[in-house]
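Report on one structure; see the data block that follows.
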Amino acid sequence: MDAAIDTPEVLKDWFHRSGVHDPLRTCIGPLPNSKASIVRWTSDHPDAMIQTVSPHLNDYRIAIMMEPVDARIWQQGRPVWGGVIAAERFRICPPSSASQWSRLSSCDIVNLFVPASLVDSLSDLRQTGVPLALGANQFTSDRYVMETVRRMLNADVMAGPLQSQYCDGLMVALLSYLLEHYSRPQDAAQASTLGGARLRRVLSYMEQHLSEDVTNQQLAGLCAMSPAHFSREFHAALGLPPHRYLMKMRLEKARAMLAAGGHAMADIADTCGFHDASHLSRTFTRHFGSPPARFRQQRGV
């Protein structure tokens, strides 16, 4: 989208440029606090041609199918979907993502436009140290998402004159949930499906078992993935294969223990999963450019 979504007219213009010429069934927003918007549109007839969905440069767009729709979707010239999208499925389109699509049936679709700045603010509040981005490229079924969207659509009945404030609260609740379950580091490859709670579960397990011989099969089991699939998705999400990321965590832990002082090299090696002090020294030197003893001297410990 070329302009910020700051009026209902900008929203309507985006839909018009994206091939939606029927009147919008619902158009709420931008909401007073979150600045998010809620739009529902329906059509009783298929598209006459392939439509180009304009990019929305500063906003995520969450598309929710309220009824089944037969559609074909392309992104950057590559097929994303072909066939019937079942009812009660949603997909998160990141900012700046343009696509083409063609409907072969009627539709009933809700679109949530969410400022990327709001997602970034909520990500910062989590204090995880890693900026997160929302990601659900494939159409996904989630009961909580559907229940929250339905409450937004019924806001006039549920909250009357306070429907905008009511939707604001629901929007923050929904985004908090999505960040927990459908997020990944911002610099991760967009193709990864390993994010949110599953990724944190894996990283927490690795941190708690640094001293043990953690296998790829164990980590894959935490995500109900095959070892090969898990390894690919982990690499896409964090930029390193699991065994190299585990070594990185061990070295960071060893460096923190060296900096704190009061630990024998053998104890640090044992705590961080190295075979012995010699193995720790060789690996530490190769990674950080100086041996542990010099590292300690430089910090006066």
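The table for this structure:
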| read-out | value |
| --- | --- |
| Cβ-Cβ under 6 Å pairs, at least 6 apart or on other chains, region 198-219 side free of Cβ contacts under 8 Å to residues at least 12 places away in the same chain, far side assigned to a helix (DSSP H, G or I) | Q217/P227 |
| Pairs, first free of Cβ contacts under 8 Å to residues at least 24 places away in the same chain in region 71-93, second open to solvent by 20 Å² or more (accessible area, probe 1.4 Å) and of a type outside the set (D, E, K, R), C-beta under 7 Å, six or more apart | V84/P68; A87/M66; A87/P68 |
| Odd one out for S121, checked against (1) surrounded by 18 or more Cβ atoms within 10 Å (Cβ to Cβ); (2) closer than 17 Å to M171 by Cβ | (1) |
| Counted residues, region 36-81 - those being touching a strand residue (DSSP E or B) at 6+ places or on another chain (Cβ under 8 Å), open to solvent by less than 60 Å² (accessible area, probe 1.4 Å) and either at pLDDT below 90 or part of a strand (DSSP E or B) (or both) | 24 |
| Residues that are without any contact (Cβ under 8 Å) to a residue 60 or more places away in the chain, over 17 Å from S176 (Cβ atoms) and part of a strand (DSSP E or B), drawn from region 106-151 | N137, Q138, T140 |
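Listed here are the residues, each with its yes/no results for (1) of a type in the set (F, W, Y); (2) open to solvent by 60 Å² or more (accessible area, probe 1.4 Å); (3) in a helix (DSSP H, G or I); (4) out of contact with any strand residue (DSSP E or B) (no Cβ under 8 Å at 6 or more places or on another chain).
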site: S204; (1), (2), (3), (4): no, no, yes, yes
site: E207; (1), (2), (3), (4): no, yes, yes, yes
site: L210; (1), (2), (3), (4): no, no, no, yes
site: A224; (1), (2), (3), (4): no, yes, no, yes
site: S231; (1), (2), (3), (4): no, no, yes, yes
site: H235; (1), (2), (3), (4): no, yes, yes, yes
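The values are calculated or read from the model by the stated rules, or taken from the named source; none is laboratory data. Remember, predicted model here, so these are calculated numbers, not experimental data. Every residue, glycine among them, receives a Cβ derived from its backbone with ideal geometry; neighbour counts consider all protein chains shown. Note: accessible area is taken over every heavy atom of the protein model, side chains too, but ligands, DNA and RNA are not part of it. Shrake-Rupley method; radii C 1.70, N 1.55, O 1.52, S 1.80 Å.
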